[in-house]
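Bear in mind that the values in this text are calculations on the coordinates, not laboratory data. This one's a predicted model, so the numbers in the text were calculated from it and none came from an experiment. Using ideal geometry, Cβ is built from the backbone for each residue, glycine included, and neighbour counts are taken over all protein chains shown.
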Amino acid sequence: MTMAELFESQYKYFYGLGLFSKELIASYVKMGVIDSAAYKRITGDDYVEV
């Protein structure tokens, strides 16, 4: 498992528990920790940069 996959699985778990918001997950995309495809897999929504 790569670091990106590890982060994604943790973020998806915390998002599912309601501990992480879409805004927080989007901030990880902006930092380059995960990509926009991972954002969609986690939240179910397309990533839109603001």
**Report entry** Any hit, segment 13-23, residues being surrounded by 12 or more Cβ atoms within 10 Å (Cβ to Cβ) and among the aliphatic types (A, V, I, L, M)
**Finding:** no
Query raised in the report: Name the pairs: first residue in segment 30-50 and in contact (Cβ under 8 Å) with a residue 12 or more places away in the chain, second residue assigned to a loop (DSSP other than H, G, I, E, B) and surrounded by 12 or more Cβ atoms within 10 Å (Cβ to Cβ), Cβ to Cβ under 6 Å, at least 6 apart or on different chains?
Result: 39/47
Report task. Considering only segment 35-50, state which residues are closer than 15 Å to residue 14 by Cα and of a type outside the set (D, E, K, R). Result -> 38, 39, 42, 43, 44
